[in-house]
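Take a look at the structure below.
The values are calculated or read from the model by the stated rules, or taken from the named source; none is laboratory data. Computed from a predicted structure; not experimentally measured. As a convention, Cβ positions derive from the backbone with ideal geometry for all residues, glycine included, and neighbour counts pool all protein chains shown.
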Amino acid sequence: MPSETRKTRVIVVDDSAVMRKLISNLLEKDPEIEVIATAIDGYFALTKVEQLKPDVVTLDVDMPRMDGLTALGEMVSRHRTPVVMLSSLTSRGAALTIQALEKGAVDFVCKPSGAAQIEQMSGELLSKVKAAARTRPITFTTEIPKAAPKKRPGQGSKTGRLVAIGASSGGPHALRYLLPRLPANLDAGIVIVQHMPESFTTMLAYWLNEICELEVKEAESGDLAVPGRVLIAPGSSHMRVKKTLGGCEILLDKGVLVNGHRPSVDVLFESVAENYGPSATGIILTGMGNDGAHGLGRLQAAGAHTVAQDKDSSAVYGMPRIATEKGFAEQVLALTSMPSYLTSTVGTIPLQETIYANKL
């Protein structure tokens, strides 16, 4: 008789007794998950992590005594425990969650603001906890190249090159590594879909802009993706591109979910393939699920360069794995190899001296 499959052992940490009970009940509806303990703050959580060595911790961001960010740092650095953060859908919650992802959290789930959202949260929570259990916290050097004053690139290539990037779980940490290591005069605009709620993509763009030579902003309809600029799709909106005489124009819409997501990586990649073909580079970074695989195949068929992150450097090897297995990735690269790959493949252009970061 085959042995029973080992359950994923989880510790739930939240200062609210109601939320601890709710999260525990949602998790234990799944026969593959076992909640082995709960804790009311970071101090108790660290003690229980030390004693019980869970597979995953769900961790509230905002708690008294020792908050989630402080506890997270210890869990990742000392215990190498995968952590899924629980966050509120507020500007403050978004800012704290971005900090948590920077510190090594695998992913996050937004707390429900009402009974109607509990069911929606349940599926997301279960899938992210299971994904976290199959991974390990990925750490790269914490040193980030010091961002120089942002400068306007000169005339870009006549082909109008474009780099399109898709990411999900673990994506913010991967983008934090990749984007600051790209030069301001990269000869391509960059467009990104990162699976996140709306207020979170705003904070993500702000956070990345602070550490990059490139200008990073949340995309708006009508924005141009030109050399020197990175545009991130806002949560809750699909992002497409349109090739115009002025450059790559951004189009946003709130259409139906694609692969369970809005924004969807597939939507972006298919649009880039149609408009830019061999002048494009498509990259799938770490993430859960299959969003982006089909779109990367469309890019490949259109003659674009196609890249998937490798298993060892991916926090969650889902999206890049599927794209690779389908043969859609021309290159499978470690995250550490991507800055030099992009710089050599796309090329660079002269920089003008005009500093535009502080232009009125």
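Remarks
- Residues of the stretch 225-241 that are over 15 Å from Ile165 (Cα atoms) and either assigned to a helix (DSSP H, G or I) or modelled with pLDDT of 95 or more (or both): Ser237 alone.
- For the stretch 275-313, a tally of residues being over 21 Å from Ser344 (Cα atoms) and touching a Lys or Arg at 6+ places or on another chain (Cβ under 8 Å) returns 5.
- Test: residue in the stretch 299-311 that is crowded, with 19+ Cβ neighbours inside 10 Å and among the β-branched types (Val, Ile, Thr): yes
- Residue in the stretch 218-238 that is within 14 Å of the chain's Cα centre (by Cα) and farther than 22 Å from Ala280 by Cβ present: yes
- Restricting Leu46, Leu52, Leu59 to those that are within 21 Å of Glu119 (Cα to Cα), at pLDDT 90 or above and either of a type in the set (A, V, I, L, M, F, W, C) or outside the structural domain of Met85 (by TED's automatic domain parsing) (or both) reduces the list to Leu59.
Condition check ((1) more than 20 Å from Asp67 (Cα to Cα); (2) in a strand (DSSP E or B); (3) in contact (Cβ under 8 Å) with a residue 24 or more places away in the chain) across all residues:
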{"site": "Arg9", "(1), (2), (3)": "yes, yes, yes"}
{"site": "Asp15", "(1), (2), (3)": "no, no, yes"}
{"site": "Val18", "(1), (2), (3)": "no, no, no"}
{"site": "Ile23", "(1), (2), (3)": "no, no, yes"}
{"site": "Leu27", "(1), (2), (3)": "yes, no, yes"}
{"site": "Ile36", "(1), (2), (3)": "yes, yes, yes"}
{"site": "Leu46", "(1), (2), (3)": "no, no, yes"}
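- Any chance Ser337 is free of Cβ contacts under 8 Å to residues at least 40 places away in the same chain, over 19 Å from Ile192 (Cα atoms) and surrounded by fewer than 24 Cβ atoms within 10 Å (Cβ to Cβ): no
- Hits in the stretch 57-95 (condition: out of contact with any Ser or Thr (no Cβ under 7 Å at 6 or more places or on another chain), part of a helix (DSSP H, G or I) and surrounded by fewer than 24 Cβ atoms within 10 Å (Cβ to Cβ)): Leu69, Thr70, Gly73, Glu74, Val76, Ser77, Arg78, His79, Arg92, Ala95
- Counted residues, the stretch 180-204 - those being surrounded by fewer than 24 Cβ atoms within 10 Å (Cβ to Cβ) and either among the hydrophobic types (A, V, I, L, M, F, W, C) or in a loop (DSSP other than H, G, I, E, B) (or both): 7
- Subset of the stretch 218-246 [free of Cβ contacts under 8 Å to residues at least 40 places away in the same chain and aliphatic (A, V, I, L, M)]: Ala219, Leu224, Leu245
- Which listed residue is out of contact with any Cys (no Cβ under 8 Å at 6 or more places or on another chain), of a type in the set (Gly, Ala, Ser) and within 16 Å of Ser199 (Cα to Cα), from Ser122, Ser91, Ser87: Ser91
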